[in-house]
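Chemist: Here it is: the structure, laid out below.
Nothing in this text is a laboratory measurement; each read-out follows from the coordinates by a stated rule. As the structure is a computational prediction, the values presented were derived from the model and not from experiment. When we count neighbours, we look across all protein chains shown, and the Cβ atoms used for this are built from the backbone with ideal geometry, even at glycine.
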Number of protein chains: 2
Amino acid sequence: MARVAKHRQALVQTAMRLFRRQGYASSGLNQILDESGAPKGSLYHHFPGGKEALAEAAVDHAGELIAEMLESARERHPADLAAFAGAYAATMAEWMAESGFRSGCPIATTLLETTPENAAIAAAGARALDRWVDIVGSVARQSGMQADAARRWAHMLICAMEGALIVARVRKSKVPILDVGRYFGAQ
Amino acid sequence: MARVAKHRQALVQTAMRLFRRQGYASSGLNQILDESGAPKGSLYHHFPGGKEALAEAAVDHAGELIAEMLESARERHPADLAAFAGAYAATMAEWMAESGFRSGCPIATTLLETTPENAAIAAAGARALDRWVDIVGSVARQSGMQADAARRWAHMLICAMEGALIVARVRKSKVPILDVGRYFGAQ
DNA sequence: CACCATATAGACTGTTTGGTCTGTTTTCAA
DNA sequence: TTGAAAACAGACCAAACAGTCTATATGGTG
């Protein structure tokens, strides 16, 4: 076999980047192919399900990306709600600003465009959210919160962050994101 | 003139409905035309700017729709944070459920797909958000909050609701939306 | 009644879409 | 060394896309 899938990873990463910036439907297969350097044959070899299967992989990959960022923030602030929420917000705000307010949540747009029509993409989205809630909730628990209160707090922080990533994009401002970090750091 | 724009309103409403459910790029002009009953000539007569101009009008219309719902909730609960937040959440959850978890926020998907590339649509989105924050903030102020705390609370409730509308769709559940109402009602 | 801007109507066009299909190259195991 | 599976490669296709164009109907006003 050809060294093991030279193009597969490039395809997934490029798809994630484009879906994040301009959405699922606006990102044509030809654009993804161009920017990843892969030919069409490779796409349909690795993803027989076509664009929808690629989107599922892109959502999984994006879930991983955010989970790693959250784990890194947890390592630095394992039992400090305010510091953890602030670090989470600071990273998202930084990513947003340095992309010209284009790179918000890497799964939100794709999910809104395809869920619930496409169950596989929705399931990938649910997996990503579950993982994020687990990580955020573990910090809340470590900082002394009861298990169910910690879970509620984690859910709420993630929801507020998702909303802030929309508002920040519309307003071209980091403030809505940083506000979420401050608000949930003060609970 | 022909009775004054028979098709204009139908076009905007249909566009809003389709953009809300399946996104901006996935909603073809021909589909919007079919479902609204308008011919292509009327679309380009009323919206010389084409699809993007129609999207701007659809976002404005959606901003109005949500603003009216919030004003109705404010009339019922002018100075009761918990009741107001609960009513807001209950309405959004109801709309979501009765559409089979398809009708979330009527502007979020379109904004994520087009902002910041299209400044006119982004501006319409900002106008809608400003109006919503004003209404929600006025309830917080009436219930005894300081002006700036009320504004922060309003921003946060709206951000959390936007996020919950994504999560609810992915999970096919009203719970994330109702949770936001409870959490922000308990502040 | 006649005029004319407003609005309706849809055929048509060049481009792009996601997807299929037929080969060729690479790599490992036998 | 050779056979076969895995991966690469891109020409090709029907359908759908946003947008243009020309023609027709409508109805208030002079």
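Chemist: Which shape class, rounded, prolate or oblate, goes with the protein assembly as shown when its Cα gyration tensor gives a ≥ b ≥ c as root eigenvalues, a/c under 1.5 marks rounded, and past that a/b bigger than b/c marks prolate? If you can, show how the numbers build up before the last one.
Modeler: Working: a/c = 1.88, a/b = 1.03, b/c = 1.82.
Cα axes put the protein assembly as shown in the oblate bin.
Chemist: Right, next: Quick one: 3J(HN,Hα) in Hz for segment A:110-120, Karplus 6.51/-1.76/1.60 with θ = phi - 60°, rounded, Gly and Pro as x.
Modeler: Coupling constants for segment A:110-120: 4, 5, 4, 7, 10, 9, x, 3, 9, 5, 5 Hz.
Chemist: Please identify, among B:A149, B:A55, B:A164, the residue showing maximal mean-square fluctuation in a Gaussian network model of chain B using a 10 angstrom Cα cutoff.
Modeler: Answer for the Gaussian network model of chain B: B:A149.
Chemist: Compute a Gaussian network model of chain B, connecting alpha carbons closer than 10 Å, and tell me which residue from B:R17, B:R171, B:R151 fluctuates the most.
Modeler: So, out of B:R17, B:R171, B:R151, the one fluctuating most is B:R171.
Chemist: For chain A, set up a Gaussian network in which alpha carbons nearer than 10 Å are linked by springs, and say which option among A:G104, A:G125, A:G28 fluctuates the most.
Modeler: Per the Cα network of chain A with a 10 Å cutoff, A:G28 tops the list.
Chemist: Additional query: With a ≥ b ≥ c the root eigenvalues of the C-alpha gyration tensor of segment B:42-135, is it rounded (a/c under 1.5), prolate (a/b larger than b/c) or oblate?
Modeler: Because a/c hits 1.5 or more and a/b exceeds b/c, segment B:42-135 counts as prolate.
Chemist: Please report the relative contact order for chain B, taking Cα pairs under 8 Å with a sequence separation of at least 6, and give it as a percent rounded to a whole number. If you can, show how the numbers build up before the last one.
Modeler: Working: 238 pairs, mean separation 50.4, N = 187.
It comes to 27 percent, rounded to a whole number.
Chemist: Work from the charge dipole of the protein assembly as shown (Cβ charges, +1 for Lys and Arg, -1 for Asp and Glu, about the Cα centre) and give the residue of A:A164, B:F184, A:A140 farthest towards its positive end.
Modeler: Comparing the listed Cα positions along the dipole, A:A164 ranks first.
Chemist: Continuing with this model, one more query. Determine, from the Cβ-Cβ distance of A:E64 and B:E94 and an R0 of 30 Å, the FRET efficiency 1/(1 + (r/R0)^6), rounded to the nearest 0.05.
Modeler: Calculated transfer efficiency: 0.30.
Chemist: Just rank B:T110, A:T91, fewest to most, by other beta-carbon atoms within 10 angstrom.
Modeler: On the way: B:T110 29, A:T91 17.
Final ranking by Cβ density, sparse to dense: A:T91, B:T110.
Chemist: Any lysines with Cα under 18 Å of the A:K51 Cα? List them, leaving off those in the same chain fewer than 8 positions away.
Modeler: Within reach: A:K40.
Chemist: Could you list log10 I(q)/I(0) for segment A:129-180 at q = 0.13, 0.15, 0.22 Å⁻¹, which the Debye formula gives when each Cα is one point scatterer?
Modeler: -0.35, -0.45, -0.75
Chemist: To the nearest 20 debye, what charge dipole does the protein assembly as shown have about its Cα centre, counting +1 at the Cβ of each Lys and Arg and -1 at the Cβ of each Asp and Glu?
Modeler: Values: 42 positive and 38 negative charges, 56 e Å.
In debye, rounded to 20, the protein assembly as shown gives about 260.
Chemist: What FRET efficiency comes out for A:S173 versus B:A10 if R0 is 45 angstrom and r is the Cβ-Cβ distance? Round to the nearest 0.05.
Modeler: Working: r = 36 Å, r/R0 = 0.79.
The value I calculate is 0.80.
Chemist: Is chain A rounded, prolate or oblate when judged by the Cα gyration tensor, a ≥ b ≥ c being the square roots of its eigenvalues, rounded requiring a/c under 1.5 and prolate requiring a/b larger than b/c? Walk me through the numbers on the way to the answer.
Modeler: Values: a/c = 2.19, a/b = 1.80, b/c = 1.21.
Prolate.
Chemist: Something else now. When we measure straight from the Cα of A:K174, which aspartates and glutamates land under 18 angstrom away, once same-chain ones fewer than 8 places off are left out?
Modeler: A:E94, A:E98, A:E162, B:E117, B:D130, B:E162
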